[in-house]
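The next block holds one structure in the form of structure tokens; read it before the comments.
The values are calculated or read from the model by the stated rules, or taken from the named source; none is laboratory data. Predicted model only: the values in this text are computed from it and were never measured. Here the Cβ is made from the backbone with ideal geometry for all residues, glycine too, and neighbour counts use every protein chain on show. Heavy atoms of the whole protein, side chains included, go into the accessibility calculation; ligands, DNA and RNA do not. Shrake-Rupley method; radii C 1.70, N 1.55, O 1.52, S 1.80 Å.
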Amino acid sequence: MAEIQFSRGVTEEVIPDIRVTRSRTGNSGTATFYFEFPRILSQESTDEVTGMYLVDEEGEIVTREVKGKFVNGKPTAIEAVLIMKSAEEWERFIRFMDRYAEEHDLVLTKS
């Protein structure tokens, strides 16, 4: 089970737009996740955003670089950035994304 959480134990159901870049050497990379109207920002949610947690059978990948987007004072989106500083972190991220993509019928499009 691969899932994304903004508050530990609370699965985010909105599927993000994810943009991934990798250095030429392959030793580092960045993944930017954009969630349009995520459940954690809805009126019903009382959970607090404490970070972004990518959770699967291997454990979790955590980033604290999470920003809210607001329109007319209302939260509309969340943008989270995950920075991978080594080939090992990159490979771990790819394993998570493979699982997440398979479970949510996502496809990779290269630009």
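Pairs are defined by a Cβ separation below 6 Å, a sequence spacing of at least 6 or placement on different chains, a first member in the range 86-111 that is closer than 18 Å to Asp17 by Cα and of a type outside the set (A, V, I, L, M), and a second member that is at pLDDT below 95 and not in a helix (DSSP H, G or I); no pair meets this definition. Condition check: surrounded by fewer than 14 Cβ atoms within 10 Å (Cβ to Cβ) and polar (S, T, N, Q). Does Thr76 satisfy that? Here the answer is no, as Thr76 does not meet what is asked. Restricting Thr50, Thr76 to those that are assigned to a loop (DSSP other than H, G, I, E, B), on the phi < 0 side of the Ramachandran plot and either touching a helix residue (DSSP H, G or I) at 6+ places or on another chain (Cβ under 6 Å) or in contact (Cβ under 8 Å) with a residue 12 or more places away in the chain (or both) reduces the list to Thr50. Taking the criterion of being open to solvent by 40 Å² or more (accessible area, probe 1.4 Å) and under 20 Å from Phe93 (Cα atoms), the only residue of the range 33-49 that qualifies is Tyr34.
Residues that are in a loop (DSSP other than H, G, I, E, B), exposed (fewer than 13 other Cβ atoms within 10 Å of the Cβ) and in contact (Cβ under 8 Å) with a residue 40 or more places away in the chain do not occur anywhere in the range 11-25.
Of the residues making up the range 38-68, those that are over 14 Å from the mean Cα position of the chain (by Cα) and modelled with pLDDT of 95 or more number 3. Candidates Glu102, Glu88, Glu60: the one that is on the phi < 0 side of the Ramachandran plot, outside any loop (DSSP other than H, G, I, E, B) and surrounded by 11 or more Cβ atoms within 10 Å (Cβ to Cβ) is Glu60.
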